[in-house]
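The block underneath contains the structure these notes are about, expressed in C-alpha cells.
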Amino acid sequence: MSPTFKAWLKKCKGQVWHLQSKSPDSYAVWHEGSPDSAADAGVHCIRCISDKYLRSRRNAARFPVFPIVFIGNVFMSLHANEISPEEIRKLSEEFETRPLTDILRWVWDRFGTRAAVGTSFQGAGLVMIHHAVKAGIPLPVFTLDTQLLFPETYELKRRLENFFELKIEGLLPDQTPEEQAADMGPELWNKHPDTCCTMRKVIPLQRKLETLAVWITGLRRQQSDTRQKTRILEMYHFDVLRDQYILKLNPMAPWSRDAVWAYIHEHGIPYNPLHDRGFRSIGCWPCTRPSGDGENERAGRWTGFDKSECGIHTFLGESI
Ligand code: SF4
C-alpha cells in the first residue's frame, strides 16, 4: 500500500463516502456530495475497496450508487512486498517443529482477521479450531456450503458453532442446485463433476480469497498422493491481473490421521457421525461413499471418475 493511499485511508476513517460503479472494474468515489477524484488513491486501490464492499459485480450493477463507511483496515489481500519467498521458506521449515498453537498465534499476530480458517469439518480442521479457541485466538472460520452437503454435516456445523461459541460463515454458490439443474441439466455432478465443483466450490472460494491475505487449511500430507508435498506455509500468485497474492497456511500438514482422531476424542470435540459409518473423507452427498481400510482416505470421493480433488487446492497452480 502506498504511503499516499495509507494517508488517504486514515483521513477517510469513519466517514461516509459514495461509490459509483462506472464499469465492472472501475468506480468513482466522492465524499458528502462533493465529487472527489479517486485518482490519488489509484484504480487498483479502488478495486480493493470494491471487492470488500460490493462483494459481487452483480450487486454493483444493481445498486450503482451507494454509501460506504471506512472502518479502518479495508486492505485484506496480500501484496508481494509483505513477505518474501525466503521468509516463507524459513518459516515453513521452522513450523515443522513448532506447536500448532504457536503457528496459529503467529498468523493472528501478523495478519489478524486478514487470515481465516477454511474447513469442511474433517478432523484436522476441528483440531485447528479447538487449538485457536483454547488459546483465545479469534481467527474467523468459513466453510464452503455447496447446498449439497449431508444433513449430518449441516447439523454438525450447528453443533460446532455452539461448542466453540463462534459463527462459521457459509460461502454459497451463485446458483441453487435447482437453478444449476435448469441451466446445466440435472445432476451435473454425474456428468461433469469438475464443472460442478468449480461452480459450487472453487468460485465461492475464489471470491473469499480476494478478501484475505492468508487461507488456513486442514490439509494433511497423509491424506493422498496429491497432498504428500504440502508445505506448512506456501504463497501463490492468486490474481495476476491485480498482482494479488495469497498465503496458504497448512499447519496440520505433518499430522497423522491417528493423531487427529486421538485429539478429537480426548477433547470431546463434536464430529460428523458419518465418520463412524465408514466415511473417512466427507464432501457433498452425491459424490461421497464410505471407504475401506486398504484405500487412501479420499478414495470415497467421486467414485467412477478420475478425480481426487475438487479443485480448491489445485486452482491456485504452483506455489512460489
Ligand atoms: S463434490 Fe460433487 S456435488 Fe459437490 S460440488 Fe463437486 S461435483 Fe458437485
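Order the peptides 121-130, 258-267 from the highest to the lowest mean number of other Cβ atoms within 10 Å of their residues.
Top of the packing list down: 121-130, 258-267.
HN-Hα J couplings of the range 101-117 from phi, Karplus 6.51/-1.76/1.60, θ = phi - 60°, integer Hz, Gly and Pro as x?
4, 4, 5, 5, 5, 4, 5, 5, 4, 8, 10, x, 6, 7, 10, 8, 8
For the range 79-287, count the residues as N, evaluate 2.2 N^0.38 Å, and divide the Cα radius of gyration by that value, please.
That ratio works out to 1.04.
Quickly work out the Lys191-to-Asp258 label distance, labels modelled 7 Å from Cα along the C-beta direction, and quote it in nm with one decimal.
Taking the two extended label points, one gets 4.6 nm.
What per residue convex hull volume, in Å³, do the alpha-carbon atoms of the range 76-141 yield? Could the numbers behind the result be given before it?
Values: hull volume 6.4 nm³, N = 66.
It comes to 96 Å³ per residue, whole-number rounded.
HN-Hα J couplings of the range 253-263 from phi, Karplus 6.51/-1.76/1.60, θ = phi - 60°, integer Hz, Gly and Pro as x?
These are the phi-based 3J(HN,Hα) values: 3, x, 6, 8, 4, 4, 5, 4, 6, 4, 5 Hz.
All of the numbers you see were taken from the coordinates with simple rules; none came from a lab. Owing to the predicted nature of the structure, the values given are computational and were not obtained by experimental measurement. Positions of Cβ are generated from backbone atoms using ideal geometry, with glycine treated the same way; all protein chains shown enter the neighbour counts.
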